[in-house]
Amino acid sequence: MSLRVTWAVSALLALALTPLGGQAQQVEEEISRKPKSKVQAIYPELARRMNLSGTVKVEVVVLPNGTVKGARVMGGHPLLANAALDAVKRWRFEPAAMESTGIVDFKFDPRH
């Protein structure tokens, strides 16, 4: 199977994948507001079986009240991306006077 076909299959599987078991570790925040509560990303079972590791960068937009308005993947493997998005959308940040945007990195390692 060619690399292009393999990547396409992985991307399609990521859309249908429901994360099961395990956790990802949030390792770095490049957003100026401090999170009040964080939800850990759940390591997808298929990614674990494939021994897939890596970092997913997520751009997050936070409303003044501290809730996440939106998030989008800026980089990372498609099989890991949905788990990172699902987690960061449930984070809560400290209130601020205006909307904030920043990057949050999630590191996935099948050995943890």
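The values are calculated or read from the model by the stated rules, or taken from the named source; none is laboratory data. It should be emphasised that the depicted structure is a prediction, and the values quoted were computed from it without experimental measurement. As a convention, Cβ positions derive from the backbone with ideal geometry for all residues, glycine included, and neighbour counts pool all protein chains shown.
Miscellaneous remarks
- Flag for I42 being touching a Leu at 6+ places or on another chain (Cβ under 9 Å) and either at pLDDT below 95 or closer than 11 Å to V104 by Cα (or both): yes
- Residues of region 74-112 classified as part of a strand (DSSP E or B), under 15 Å from the mean Cα position of the chain (by Cα) and buried (at least 17 other Cβ atoms within 10 Å of the Cβ), total: 5
- Condition check for G22: at pLDDT 95 or above, in contact with a helix residue (DSSP H, G or I) (Cβ under 8 Å, 6 or more places away or on another chain) and of a type outside the set (V, I, T): no
- There is at least one residue in region 26-37 that is surrounded by 15 or more Cβ atoms within 10 Å (Cβ to Cβ), modelled with pLDDT under 95 and in a loop (DSSP other than H, G, I, E, B).
- Residues in region 64-100 that are hydrophobic (A, V, I, L, M, F, W, C) and over 17 Å from V39 (Cβ atoms): M74, L79, A96, A97, M98.
- Look at (1) crowded, with 17+ Cβ neighbours inside 10 Å; (2) in contact with a helix residue (DSSP H, G or I) (Cβ under 7 Å, 6 or more places away or on another chain); (3) closer than 24 Å to R111 by Cα and you find that A71 fails only one, number (3).
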